[in-house]
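Comments concern the structure below.
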Amino acid sequence: MKKIDVGVLGATGMVGQQFVARLEHHPWFHVSWLAASERSEGKRYDEASAWRLATPMPDAVRALSVDACIPGRGPKVVFSALDAGVAGEVEEAFARAGHIVLSNARNHRMDPLIPLLVPEVNSDHLAVLAEQRRAKGWSGAIVTNPNCSTVVLVMALAPLQRFGLKTAVVTTMQAASGAGYPGVPSYDILGNLVPFIGGEEEKIETETLKILGSDAGRTPHALVISSHANRVPVIDGHTMTVSVQVEAKAALGDVREAFRTFAGRPQELKLPTAPIPAILLRDEPNRPQPRLDADLGGGMAVSVGRLRPCPVLSFRFVALGHNTVRGAAGASILNAELMQAELQCLS
Ligand code: NAP
């Protein structure tokens with residue numbers, strides 16, 4: 001199959017670099033266009049981008065000239081890692097001009113006509129795209145992926161939906177890379193913990209209900225969530241402790257089995273970056289841990305461990321996922337794979 005040309009908006013930033021790295025050997029997509037701000041326009045990518053990943057910059061993109069984010073210039077499919085300050089307007093302009101935009105930014109996530117997608121959980125929400133096109137008058141489209149903590153929580157709650165989700169209390173321990181570069185000052189985070197991440201608790205509480213909701217997320221799930229977000233001195237990997245109350249009288253073994261067998265459309269379709277299994281259920285008493293487990297499944301799997309009864313609610317466990325892979329670039333790429341496999345709308 002001929003690879004589909006794709007572009008990256010915000011290609012010079014932390015998430016943009018993840019896109020460039022993860023698309024290097026992608027079997028379906030080929031990076032042919034990179035764009036960023038006026039500061040980077042006209043520079044070679046290796047001059048414009050201060051590369052901060054542990055893997056080297058792919059040779060194929062080094063000499064690409066960075067373009068401005070002007071609709072119509074790049075290929076039909078663009079991944080967006082734009083700063084939220086500009087993502088709203090720029091992404092809309094691209095969708096209006098006929099581009100399919102796969103966005104990481106928060107700006108459009110809660111728009112009822114824009115899917116907030118976790119392919120394993122709500123692939124059916126893509127159905128809203130036809131209405132999006134009609135109502136917004138766009139010849140292109142925007143599809144978003146959730147906040148980097150929300151996606152981990154949703155993946156861990158989805159297998160429990162069959163028992164009837166009632167309430168959940170989640171406490172996150174979020175990696176420094178989630179704040180971008182340079183992010184939290186070293187003096188604030190080294191040997192310390194910051195018990196506040198602006199806007200994060202609200203995102204976890206609202207985005208989760210849209211993703212688990214019905215009618216393409218327009219009817220939010222009735223689950224009540226209380227979240228506490230903390231920044232911790234970890235490089236990559238958001239960890240969270242979760243206590244959840246379910247309606248059914250479920251045995252611990254049933255819950256274990258629900259986690260162990262959980263799979264969605266990406267696994268059924270064997271999409272190129274789908275983690276198999278989607279959830280890694282750990283039996284060790286001290287796992288998952290970010291340094292040991294964030295990269296599992298190519299950074300796309302969610303690890304769940306310490307599953308046990310909760311004396312206040314029904315069950316409690318620890319969940320962990322890679323925040324810049326499953327929580328950002330990897331999530332957008334999986335969204336694109338799902339859209340191409342289900343709708344053939346990218347080629
Ligand atoms: P970042 O490192 O600050 O990168 C921002 C990118 O946006 C750069 O490429 C920058 O280009 C470009 N940009 C800034 N102003 C622009 C403008 N006026 N016009 C065009 N391009 C402009 O940020 P990041 O950490 O990669 O985050 C990118 C997006 O992903 C944000 O919306 C963020 O909230 C979201 N996100 C981040 C994470 C994470 O873990 N870091 C997780 C999920 C979602 P220049 O280099 O030319 O300035």
Label point 7 Å beyond Cα of N230 along Cβ direction - residues of the range 141-170 with amide nitrogen under 16 Å: 169-170
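Suppose every Lys and Arg Cβ carries +1 and every Asp and Glu Cβ carries -1, with no other charges. What dipole size does the chain come out with about its Cα centre, to the nearest 20 debye?
Dipole of the chain, to the nearest 20 debye: 440 debye.
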Loop trypsin sites (Lys or Arg not before Pro), the range 236-267 (other Cβ atoms within 10 Å of the site Cβ: 15 or fewer; DSSP): K249
Given 13 as the ceiling on other Cβ atoms within 10 Å, longest exposed-site-free region of the chain for GluC sites (Glu not before Pro) in DSSP loops: 39-246
Expected 222 nm ellipticity per residue - DSSP helices of 4 or more, -39500 (n - 2.57), all of the chain, to 500: -7500 deg cm²/dmol
Residues with amide H under 5 Å from that of R231, placed H, sequence gap 5 or more: Q174, V194, F196
Net charge, V118 excluded, C-beta distance under 10 Å - Lys, Arg +1, Asp, Glu -1: -1
Stretch gain in nm, segment R133-A248, where the contour uses 0.36 nm per residue and the Cα spacing is subtracted: 37.4 nm
Overall Cα dimensions of the range 1-155 - principal axes, largest extent first, Å: 40, 37, 33
Within the accessible area of the chain (1.4 Å probe), percent carbon and sulfur: 52 percent
Rounded, prolate or oblate (a/c below 1.5 giving rounded, otherwise prolate when a/b exceeds b/c) for the range 135-198 by Cα gyration tensor: oblate
Alpha carbon centroid spacing (whole Å) that separates the range 1-50 from the range 180-239: 27 Å
Accessible area expressed per residue, the chain, with surrounding protein chains retained (probe 1.4 Å, Å²): 42 Å²
In order through the range 289-297: 3J(HN,Hα) via Karplus (6.51 cos²θ - 1.76 cosθ + 1.60), integer Hz, x for Gly, Pro: 10, x, 5, 8, 10, 5, 8, 5, x
Those trypsin sites (Lys or Arg not before Pro) in the range 264-347 that DSSP places in a loop and that have at most 12 other beta carbons within 10 Å: K270
Which listed pairs, of K3/K270; K136/K270; K210/K249; K136/K203; K136/K166; K2/K210, have C-alpha distances above 28 Å, in listed order: K136/K270; K136/K166; K2/K210
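What range in the chain is the longest one free of chymotrypsin sites (Phe, Trp or Tyr not before Pro) that are in a loop by DSSP and have at most 16 other Cβ atoms within 10 angstrom?
Here the longest segment lacking exposed loop sites spans 197-347.
How would the range 188-315 be classified by its alpha-carbon gyration tensor: rounded, prolate or oblate, with rounded meaning a/c under 1.5 and the a/b versus b/c comparison settling the rest?
rounded
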Over the chain: Rg over Rh, Cα atoms, Kirkwood Rh: 0.96
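The values are calculated or read from the model by the stated rules, or taken from the named source; none is laboratory data. Just so it is clear, the structure is predicted and the values come from calculations on it, not from any experiment. So basically every Cβ, Gly included, is an ideal-geometry build from the backbone, and we count neighbours across all protein chains shown. These accessible areas exclude ligands, DNA and RNA; they are computed on the full protein's heavy atoms, side chains included. Shrake-Rupley method; radii C 1.70, N 1.55, O 1.52, S 1.80 Å.
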